[in-house]
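Peer 1: Just dropping this structure here.
The values are calculated or read from the model by the stated rules, or taken from the named source; none is laboratory data. Bear in mind the structure is a predicted one, so any value in this text is a computation, not a measurement. With ideal geometry, Cβ positions are generated from the backbone for all residues, glycine too; neighbour counts draw on all protein chains shown. In case anyone asks, the SASA skips ligands and DNA or RNA and just uses the protein heavy atoms, side chains included. Shrake-Rupley method; radii C 1.70, N 1.55, O 1.52, S 1.80 Å.
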Amino acid sequence: MKTLQKLLMTGVLATLAFAADVDGTWKAKYESPDGQTRESTFVLKAEGEKLTGTMKSGMGDAQIQDGTIKGSDIAFSVLRNFGGNEVQFKYAGTITGTTMKLKATAGDRQMDITATKQ
């Protein structure tokens with residue numbers, strides 16, 4: 001039984017050691033589906049596999065929802081209001097060092113975003 005506990009603990013520690021360092025501020029500049037250049041700032045915090053934080057853009061601040069970080073994989077969603085309609089944007093991607101690559105999806109629209117840790 002103790003051997004099993006040691007193996008499980010080793011696995012947990014190994015997973016934590018290889019988790020991406022997501023905590024902090026990430027800045028992104030990207031082209032929206034309508035062809036305009038946009039800028040966003042992500043302020044992120046991980047607690048285990050749970051991800052929280054805010055996304056700041058020209059549309060104001062939005063709380064990150066349903067955030068997860070598993071190793072280098074990251075996913076979260078943000079609600080935005082367009083003319084009185086709530087639109088959910090889903091973000092999923094990976095973190096490598098100080099670079100975060102995301103695919104943002106809202107309905108049938110998608111865009112690629114690259115953010116750099118500040």
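Peer 1: So is Asp66 at positive phi, modelled with pLDDT of 95 or more, charged (D, E, K, R) and touching a strand residue (DSSP E or B) at 6+ places or on another chain (Cβ under 9 Å) or not?
Peer 2: Here the answer is yes, as Asp66 does meet what is asked.
Peer 1: Would you pick out the residues in the range 44-68 that are touching a Gly at 6+ places or on another chain (Cβ under 7 Å) and open to solvent by 60 Å² or more (accessible area, probe 1.4 Å)?
Peer 2: Lys45, Lys50
Peer 1: Return yes when Lys103 is farther than 20 Å from Thr25 by Cβ, of a type in the set (Lys, Arg), open to solvent by 30 Å² or more (accessible area, probe 1.4 Å) and touching a Lys or Arg at 6+ places or on another chain (Cβ under 9 Å) and no when it is not.
Peer 2: yes
Peer 1: Where residues in the range 69-93 are modelled with pLDDT under 95 and open to solvent by 30 Å² or more (accessible area, probe 1.4 Å), which of them is nearest to the chain's Cα centre (by Cα)?
Peer 2: Val87
Peer 1: Filter the range 109-118 down to residues that are over 15 Å from Pro33 (Cβ atoms), part of a strand (DSSP E or B) and not β-branched (Val, Ile, Thr) and give me whichever is farthest from the chain's Cα centre (by Cα).
Peer 2: Residue satisfying both the conditions and the ranking: Lys117.
Peer 1: Specify which of the listed residues (Ala75, Ala106) is under 17 Å from Pro33 (Cβ atoms), touching a strand residue (DSSP E or B) at 6+ places or on another chain (Cβ under 7 Å) and of a type in the set (Gly, Ala, Ser).
Peer 2: Ala106
Peer 1: Taking Ile64 as the residue in question, decide whether it is of a type in the set (A, V, I, L, M, F, W, C) and in contact (Cβ under 8 Å) with a residue 40 or more places away in the chain.
Peer 2: no
Peer 1: Return a yes/no flag: does the range 17-35 have any residue that is modelled with pLDDT of 95 or more and open to solvent by 70 Å² or more (accessible area, probe 1.4 Å).
Peer 2: yes
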